[in-house]
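Student: Below: one structure in structure tokens.
Here, each number is a calculation from the coordinates, and none is a lab measurement. The model shown is predicted, which means the values in this text are computed figures rather than measured ones. Reconstructed Cβ throughout: ideal geometry from the backbone, glycine too, with neighbour counts over all protein chains shown.
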Amino acid sequence: MPKQHVDAQNPQPRSIPEPHESLQPVADAVTLVVTQAFGPGGHNLVGFSDVKFNGYPAVTLLLRTPDGREGLVHLSPVHGDQRKSGFIDIAPGTRCTLLCPVTKRPLEKMGPVDDGTGAEYFALYLTPKLSKGHAVAITDLWDHFHSRIVDDEALISYWAQTHAAS
């Protein structure tokens, strides 16, 4: 039976899909899981809620839409996994303000996405030092699946897609 999640903003329970084959590590692929992600105030946003994907705690953000609605969205920490729960009643392509759910401060801008959409990258830091050289770069357009993991100034998400596990 699928797990249920009830969000305070939307009291209707939502099913969180169970793990499926495409997200399981295999011998010739690399699976990246974000186990910590810090907002602009240094708070770890992984495990902020009890929501999990494939047994891993979700990354939780506070989103605000242009019409003033806001709520918590729980993102899968498995890089490339597009599942999310919580405040998800948002039209694709909507530009959202990405906020830390603890401090309500906006995430820090990293720069534009080079794909012609006008999307911007925002930082979830991989260490408490809050360095843009160690971050998950996520975009501000809803359902624009173009996140990147940068570690030590290297684009780790590209490496993972092009190399086999050793």
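Student: Nearest 20 debye, what's the magnitude of the dipole of the stretch 32-162 about its Cα centre given +1 on Lys and Arg Cβ and -1 on Asp and Glu Cβ?
Tutor: Numbers: 12 positive and 14 negative charges, 70 e Å.
With Lys and Arg at +1 and Asp and Glu at -1, about 340 debye.
Student: How would you order 136-149, 84-97 from highest to lowest mean count of nearby Cβ atoms within 10 Å?
Tutor: 136-149, 84-97
Student: Tell me, in nm to one decimal, what length is gained between residue 89 and residue 64 on full extension, where the rule is 0.36 nm per residue of separation less the Cα-Cα distance?
Tutor: 7.8 nm
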